[in-house]
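Bear in mind that the values in this text are calculations on the coordinates, not laboratory data. Bear in mind that the values here come from a model prediction, so they are computed numbers and not experimental data. Cβ placement follows ideal geometry from the backbone for every residue including glycine, while neighbour counts extend to all protein chains displayed.
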Amino acid sequence: MTPKRAQGGERAAPGRTTPGTSAPTPGKVTLSDVALLAGVDRSVVSRVINDDPRLNIRPDTRKRVLETIEKLGYRRNAAARSLRTARSYMLGLFIPDFANPVYAEIIKGAETEAGKLGYGLMTASSEGVRQGVEHYVDLFGQGRVDGLLFAGDETGRELEQLRILRVPWVMVNRRITGTDRYVVLDDEQGSGLAVDHLLSLGHRRIAHIAGPETADTARRRRMGYSAALGRAGLAVDPRLIVHADYTPAGGRAAMDTLLTAQAAADRPTAVFVANVASAVGALHALHAAGLAVPADISVIAMHDMPLAGHLVPALTTVRMPLGELGARAVQLMAARGPADPITEVVTDPVEVVVRDSTSAPPGS
């Protein structure tokens with residue numbers, strides 16, 4: 001009698017060990033080893049691993065295959081898979097600076113999600129090396145990655161180079177006019193929450209240490225700052241806005257400018273800083289000027305990091321979904337075609353983390 005084939009191609013393996021009763025021969029675990037121990041065809045194991053939506057098998061069979069993969073420690077042969085599919089199963093992530101803790105959170109989220117989807121992640125930065133963006137764009141474009149995530153300061157020229165090389169890409173928390181492939185955070189909402197927190201404490205003269213004038217993130221955070229003041233019936237004072245790069249040195253220089261440009265009577269009672277790294281420098285400048293935080297000036301910053309709670313004073317921040325941003329960018333890169341538009345805003349979770357650097361204004 002011909003053995004009856006089970007649903008979706010699974011079958012008992014004639015003459016083989018009953019599932020779960022024996023381990024494979026010592027050595028490198030193969031697809032056949034998993035199929036033998038799980039009691040299914042090799043094709044079923046392969047389709048389970050690749051999450052084939054057309055595979056129709058019983059839930060308990062899928063569970064048994066996955067448990068067997070975990071038990072044996074099976075790992076896919078990346079080289080063979082690449083030859084078979086003409087894909088590298090690698091993604092590239094380009095950032096401008098490894099020293100900025102914000103990018104560390106984005107990388108963490110992107111790397112974790114890439115692993116879940118069966119991809120590797122290569123990360124590169126132009127900071128501190130001779131090669132710039134063009135070098136890495138050219139390097140990544142030689143078939144080394146299936147897609148590139150841009151979280152840096154690239155321009156339309158680099159993106160055009162990627163189009164020529166036919167490398168799919170998506171911008172991460174940055175938009176360029178004319179592009180329709182980006183995943184961003186709701187920076188306006190985060191900035192609004194920061195200013196609303198200061199307003200709720202009674203502050204009315206609120207300064208803003210903004211990011212670089214050319215940065216898309218800085219523009220959106222400044223819009224959120226201005227909109228929150230407008231909702232409270234307060235006019236935006238241009239003298240209370242100073243642009244700086246997203247570094248401690250930039251934050252210190254910007255705070256020094258705010259303090260020297262204003263007479264003591266006109267000095268702001270609170271400052272919203274567009275980046276947590278800049279806020280570190282701003283706190284240093286206030287300490288050097290002999291001003292106490294928050295007794296003289298309150299400080300709140302965009303982005304929450306573990307280090308924020310260990311500053312003196314502990315820094316009040318707006319927590320933004322940086323890890324979720326990196327993860328979502330990878331998901332969309334893996335799921336969408338190279339010409340499909342990607343225009344998504346990651347909105348949750350966004351919340352104010354209140355610590356010791358904000359309080360009511362002096363004399364209130």
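List the residues, sorted by chain then number, that are 5 or more residues from residue 342 or on another chain and whose placed amide H is less than 5 Å from its amide H.
Placed amide hydrogens put 181, 182 under 5 Å from residue 342.
Check which residues have an amide H placed less than 5 Å from residue 90's amide H, if you skip close sequence neighbours.
120, 146
Output wanted: per-residue J couplings in Hz (rounded whole) for segment 200-215, from phi through Karplus 6.51 cos²θ - 1.76 cosθ + 1.60, θ = phi - 60°, x for Gly and Pro.
Going residue by residue, I get 5, 7, x, 6, 10, 9, 10, 8, 9, 8, 8, x, x, 4, 8, 7 Hz, with x marking Gly and Pro.
In whole Hz and in residue order, list the ³J(HN,Hα) couplings for segment 105-120 that follow from phi through the Karplus curve 6.51 cos²θ - 1.76 cosθ + 1.60, θ = phi - 60°; x for Gly and Pro.
Each residue's phi maps through the Karplus curve to give 5, 5, 4, 4, x, 5, 5, 4, 5, 4, x, 4, 8, x, 10, x Hz.
Among the aspartates and glutamates, which fall within straight-line cross-link reach of residue 28, defined as a Cα-Cα distance under 16 Å, with same-chain neighbours fewer than 8 residues apart omitted?
Partners within reach: 70.
From the Cα gyration tensor of segment 231-295, with a ≥ b ≥ c the square roots of its eigenvalues, which class applies: rounded if a/c is under 1.5, or else prolate if a/b is larger than b/c, or else oblate?
oblate
Amide H to amide H, which residues 5 or more places from residue 241 or on other chains are under 5 Å from it, using H placed in the peptide plane?
208
Say the dipole of segment 187-320 comes from +1 at the beta carbon of Lys and Arg and -1 at that of Asp and Glu; which of 315, 277, 262 then lies farthest toward its positive end?
262
Once you order the gyration tensor axes a ≥ b ≥ c over the Cα atoms, which shape class does segment 187-320 get: rounded for a/c under 1.5, otherwise prolate or oblate by comparing a/b with b/c?
It is rounded, given that a/c, with a ≥ b ≥ c, falls under 1.5.
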